[in-house]
Every structure is written in C-alpha cells, then in structure tokens.
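The values are calculated or read from the model by the stated rules, or taken from the named source; none is laboratory data. It should be emphasised that the depicted structure is a prediction, and the values quoted were computed from it without experimental measurement. Methodologically, a virtual Cβ is constructed for each residue, glycine included, from the backbone with ideal geometry; neighbour enumeration extends over all protein chains shown. What goes into the accessible areas is simple: the full protein's heavy atoms, side chains included, and nothing from ligands, DNA or RNA. Shrake-Rupley method; radii C 1.70, N 1.55, O 1.52, S 1.80 Å.
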Amino acid sequence: GKAKYDYDLVVLGGGSAGLACGKEAVDSGARVLCFDYVKSTPAGTKWGLGGTCVNVGCIPKKLMHQASLLGEAVHEAVAYGWNVNDQNIKPDWKKLVNSVQSHIKSVNWVTRVDLRDKKVEYVNSMGAFVDPHTIEYSVKGGPKQRVSSEYVVVAVGGRPRYPPILGATEFGITSDDIFSYDKEPGRTLVVGAGYVGLESACFLKGLGYDTTVMVRSIVLRGFDRQMSELLEAMMSERGVKFLHTTIPSLVERQGDGRLLVKYRNTTTKKEDSDTFDTVLWAIGRKGLIEDLNLPAAGVQTKNDKIVVDATEATNVPHIFAVGDIIYGRPELSPVAILSGRLLARRLFAGSKQLMDYADVATTVFTPLEYSCVGMSEEMAIQTHGQDNIEVFHGYYKPTEFFIPQKSVRHCYLKAVAEITGDQKILGLHYIGPVAGEVIQGFAAALKSGLTVKTLLNTVGIHPTTAEEFTRLSITKRSGRDPKPSS
Ligand code: FAD
Ligand code: NA7
C-alpha cells in the first residue's frame, strides 16, 4: 500500500555522521533523503559535500601537519647525508593550499558518486522542521518544498565560534578559512588553546610563520595535565609563543593593512596590544541548531547541542541526533561515523547494538604528537583514589632522533593502571612521533581489558617508539628517575 511518509529516513547534514547513517540505512532497504548545505563563513569561504572532517577538519589539518613535518624532515635529511641546501627553505603557501584543496575536491566528488551509487538521495539545501515528521527546504532560492519522513536524524555538526568583541568577524578567520586561505598567513595570533588552536599554531609555525597562542585559562582543558604541559613545552621549544591568562578585547585594521589586537591579562590585569597579519579564532565550536526550527518538532536542546539517550533518540522518539551536535560527547569523526552507522542498523536492520562512547582514543597533531586512550591521571585519581592507582612512566629516545640530534626532551609516555592484581590499564598516554599510529592498536587492547602484566609480557617491535609501552618499568610512586640511562 501507499507509504505513510515520503521517506523512511531524512538525514539533516551530510557530514561524517549523516552520510554514514544514510548509507547504512539504504543498505538495509530504507528510502533515504539527505540534506547538506554549507553556509559561507564571514570571510566568504564555502565548500562541498562531506562535512567538517573532509573539508575543514581532520583531512586538511592532517595535510598541513604533514607539510609542516616535512619542513623539519628536510633539515634532518642533511644530517642523514642528503645533499639538500637547507638554508632558506620556504614553503609555497599558495601551492600547499592548492594541493590540499584539490585533494578535498576529489573527495567531494567521490562522496557524491558514492551517494548516487548507493541510491541515497541528496539535496543541497538547508532543512528545517515544520512539524515532527515534516522538513521544509528550498533549492537555490527556489520555492519552499516539503518532505515527510518516518524517522529524522539530525547530524548538522557545528561551526567555529567568534568572540563577541569588536572586529572579530570582520577581521578574524577560523579553521573554516585557513585551509583555503588565499594569502600567506604571516605573523599569526591563534586565540584558544584547545585541540584546534594548538594544532593550527603548530602547522603554521612549522611552515615558518611567527605564531602566538593566546590562552584564556590552561592549554588542552579536559586532557591529562602533565601531558598537556609537556606538549606546551614542546611547542615553546619550537618557537611557538604563548600569552597566558589573556583574553582579546578588540581587533582593528591599521593603515598598513595589518591587524592590531588589544588584549588583557586576567591575572596581572595589564592591558596590551600587538600587531598581526592573521588572527585565527580557535575558541571552540557551536552546534548548528539555530536553523533547524527545533521548537516545531519539540526537540529538547542544551546550550547549542541536542540531548539524546543511549539510543541517540531525542525526547521525540522518532527524531535522533548523531555526531558533533550531540550534547556531552567527543567531537570526533570516527565517533560520528560509528554512531551514525549503528543507529541505522538499529532503525532498519533489527540490531540492538548501542554506541560505546567509552575509551575513544584521540590524537593532537602537533610536531611531536600527543595521543591517548582512556583516563587521564586526574580522572583515574578522581574515580579510583590516589592509593588505588599506579602510574608507570618513562622518557625515551627515538633511534631516528640521534643522527639529527633532535630534542628528546618531550618524548614521554605513561600508563595509568589499577594498583592491584594484574593491574588493569585505565589510560595510556604518549608524546612522540606518529602518536596516533602508536595508540590505535593499544586502544583495541585497552578495550579488551589490557593489564600491565600483559603489556610487560608483550614482546616489543624493535626499534620502534611504540615498544616503549612494553618496557614501562618505573612507577611514579617509586620516585625513580624516569629518564633513560643511555
Ligand atoms: P559535520 O561534519 O560538521 O557535518 C554536518 C553537515 O551538516 C555540514 O556539512 C553542515 O554544513 C550541514 N548542515 C548544518 N545544518 C544543516 C541543515 N539545517 N540542513 C542541511 N545541512 C546542514 N576529528 C577527528 O576524528 N580527527 C581529527 O583529526 C579532527 N580534526 C579536526 C580538525 C578541525 C580543524 C576541526 C574543526 C575538527 C576536527 N575533527 C577531527 C572533528 C570532526 O571534523 C568532527 O567531529 C566531524 O566532522 C563531525 O561530523 P558531523 O557529521 O557530526 O558534523
Ligand atoms: P575546545 O576544545 O573547546 O577549545 C576551545 C579553546 O578556546 C579553549 O582553550 C578555551 O579556553 C578557549 N576559549 C573559549 N572561549 C574563549 C574566549 N571567548 N576567548 C578566549 N579563549 C576562549 O575547542 P576546539 O575547537 O579546539 O576543539 C573542539 C573539537 O573539535 C575537539 O574536541 C576536536 O575533536 C575537534 P578555556 O579552557 O575554556 O579557558
């Protein structure tokens, strides 16, 4: 008979979460329509299908990170006997941006073809609720149209925030602009010391631009304190400057075109100012709930996010939310993808499996990267008590650092474990080369109940840096020096 609704599933947002959910639903026989639309930034930047990760997040970030690492590697190559003239080497910013953007364009294209092949209908438009089962949209300024759906999945993600100060949107840019920025960043002020701020500051510094990070409170709030401070020290060693306990108050364009930033140190109360070519806001992201007309559907929100239960259902049982738009969950692409896919399987393939948000590994892509899985030391102390945890730690020297005499001062790792029995591991933390590659495998082990006993009975792969995890013999409690002897 005639279906009650036009579609089984309408997905709002074609990013990591929405596309994964839509594609999986079609695989289970559902009729799916996906809306995706990108509003341009105040600086005029726009992009294609695929969401934040592909266009203005993980992917371009990793490419710029790589570009910056290669700059370091050129100097190391000389020590290894390569005849390269490493004096005055400079990146060509425009060429880098072009390379990054053409990769993104190819991913946009593949994404589109994939949707067509999988028969996920796609409309390049914003979608908004008119009632709990009906979405209104219009294509390219055309007339308003409506579709109805049995289920609606909200996967609209977020966008960078701007501070409420004069000149912020007019003169500042964000991570939404930097990866396609058509002029060289030059002397740059990065405001915000979260994950995005630190990564941006590092690739800009690595590419040769004078970079300052303005920190309101502490770097990497939410991450392990010791590791975060070590990371900051590593950045300082590479010449990234920090303005501590400082907040901006004004951005102005000077006669010479450069940007004058006024700011205030909240500890000393001192006002100051400096001049930059680029000001990059990295003060966090806000969920894109404004354009959804959620009141028409009766969906509950908290701050700028959507509240869901363990099944990703909102307070309206047939409306769900996945990805960055969910309140209180990690803002990471693989989290968005897996939760979207599992939701589709529950809706259309009879699955009961819930998304497990615990022990999700993550990496901060700074020149020495920081990766971790599980609890920070603070969290372990808070949940288990100081007396019930043991922290194994050590500094180490990557073999490949010796020849170019690269600093090993910040190569450090630790395992936070229960103190009794086989010492179940609660968290693993590593600063060093290719941290994400190192931690990914250990993340699966930790999810399988990894203990210190097992870890120390695992034979290492020599010579790697990951093998340091199999040699963690010094506990913090012992007071022994965690520095390597050789
Ligand atoms: P998004 O990918 O943001 O997709 C939402 C889509 O919906 C967007 O295209 C949006 O324009 C569209 N939309 C919004 N409202 C509507 C509407 N009403 N109608 C139709 N469409 C709408 N994660 C990692 O795992 N690793 C990383 O290294 C990493 N690096 C990052 C670096 C940066 C600079 C940033 C900003 C993020 C990074 N992330 C990283 C986070 C990752 O990008 C996000 O977690 C992920 O993209 C979230 O996916 P999503 O589907 O929830 O939202
Ligand atoms: P985060 O992790 O929320 O970090 C935001 C940073 O900006 C943090 O250091 C904040 O300091 C700082 N901040 C926030 N508001 C202001 C204002 N008004 N002025 C100055 N500084 C401010 O966001 P990110 O964008 O880095 O990362 C979000 C996610 O995207 C992350 O989880 C990744 O997965 C990708 P605070 O600590 O609040 O004092």
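How many residues does segment 1-24 hold that are closer than 15 Å to ILE319 by Cα and buried (at least 24 other Cβ atoms within 10 Å of the Cβ)? Working first, answer last.
Pass one, segment 1-24, residues closer than 15 Å to ILE319 by Cα: 5, 7-13, 17-18, 21-22.
When the remaining residues are screened for being buried (at least 24 other Cβ atoms within 10 Å of the Cβ), the result is 9-13, 17-18, 21-22.
Residues flagged as closer than 15 Å to ILE319 by Cα and buried (at least 24 other Cβ atoms within 10 Å of the Cβ) within segment 1-24 amount to 9.
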Examine segment 240-253 for a residue that is surrounded by 16 or more Cβ atoms within 10 Å (Cβ to Cβ), closer than 22 Å to GLU184 by Cα and within 16 Å of ligand 1 (Cβ to nearest atom), and state whether such a residue exists.
-> no
If you take the residues of segment 389-403 that are in contact (Cβ under 8 Å) with a residue 12 or more places away in the chain and exposed (fewer than 13 other Cβ atoms within 10 Å of the Cβ), which of them is nearest to ASP359 (Cα to Cα)?
-> THR399
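For residues in segment 338-367 being β-branched (Val, Ile, Thr) and buried (at least 22 other Cβ atoms within 10 Å of the Cβ), which is farthest from ligand 1 (Cβ to nearest atom)? Working first, answer last.
Going through segment 338-367, the residues β-branched (Val, Ile, Thr) turn out to be 360, 362-364, 366.
Restricting the remaining residues to those that are buried (at least 22 other Cβ atoms within 10 Å of the Cβ) gives 363-364, 366.
Working: THR363: 7, VAL364: 9, THR366: 12 Å.
Taking the candidates together, the pick is THR366.
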If a residue has to be within 16 Å of ligand 2 (Cβ to nearest atom) and either in a helix (DSSP H, G or I) or touching a Lys or Arg at 6+ places or on another chain (Cβ under 7 Å) (or both) to count, how many in segment 17-54 make the cut?
-> 5
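Go through segment 439-453 and count every residue that is in a loop (DSSP other than H, G, I, E, B) and either open to solvent by less than 10 Å² (accessible area, probe 1.4 Å) or under 14 Å from ALA417 (Cα atoms) (or both). First the steps, then the outcome.
Step one: filter segment 439-453 for residues in a loop (DSSP other than H, G, I, E, B), giving 448-450.
Filter once more, keeping what is either open to solvent by less than 10 Å² (accessible area, probe 1.4 Å) or under 14 Å from ALA417 (Cα atoms) (or both): 449-450.
Going through segment 439-453 one residue at a time, the tally reaches 2.
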State the number of residues belonging to segment 81-137 that are assigned to a strand (DSSP E or B) and not small (Gly, Ala, Ser).
-> 10
Given the conditions (1) small (Gly, Ala, Ser); (2) within 15 Å of ligand 1 (Cβ to nearest atom); (3) over 25 Å from the mean Cα position of the chain (by Cα), which single one is not true for GLY48?
-> (3)
Quick one: count up the residues across segment 454-486 that are among the β-branched types (Val, Ile, Thr), farther than 15 Å from TYR395 by Cα and either open to solvent by 70 Å² or more (accessible area, probe 1.4 Å) or in contact (Cβ under 8 Å) with a residue 24 or more places away in the chain (or both).
-> 3
Within segment 373-395, residues closer than 21 Å to VAL360 by Cα and assigned to a loop (DSSP other than H, G, I, E, B) come out as MET375, SER376
Sort out for me the strands (runs of 3 or more DSSP E) sitting completely within segment 141-221 that have 1 or more residues that are open to solvent by 30 Å² or more (accessible area, probe 1.4 Å).
-> 145-154, 158-160
If you take just the strands (runs of 3 or more DSSP E) that sit entirely in segment 252-326, which of them hold at least 1 residues that are away from ligand 2 (no atom under 16 Å from the Cβ)?
-> 259-265, 271-276, 278-281, 319-321
Only one of (1) surrounded by fewer than 19 Cβ atoms within 10 Å (Cβ to Cβ); (2) under 22 Å from the mean Cα position of the chain (by Cα) is not met by ILE89, so which one is it?
-> (2)
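Among the residues of segment 404-438, how many are outside any loop (DSSP other than H, G, I, E, B), open to solvent by 10 Å² or more (accessible area, probe 1.4 Å) and either touching a Lys or Arg at 6+ places or on another chain (Cβ under 8 Å) or of a type in the set (A, V, I, L, M, F, W, C) (or both)?
To start, the set of residues in segment 404-438 that are outside any loop (DSSP other than H, G, I, E, B) comprises 412-418, 424-432, 435-438.
Now restrict to residues that are open to solvent by 10 Å² or more (accessible area, probe 1.4 Å): 418, 424, 426, 436-438.
Filter once more, so that each one left must be either touching a Lys or Arg at 6+ places or on another chain (Cβ under 8 Å) or of a type in the set (A, V, I, L, M, F, W, C) (or both): 418, 426, 438.
Counting residues in segment 404-438 that are outside any loop (DSSP other than H, G, I, E, B), open to solvent by 10 Å² or more (accessible area, probe 1.4 Å) and either touching a Lys or Arg at 6+ places or on another chain (Cβ under 8 Å) or of a type in the set (A, V, I, L, M, F, W, C) (or both) gives 3.
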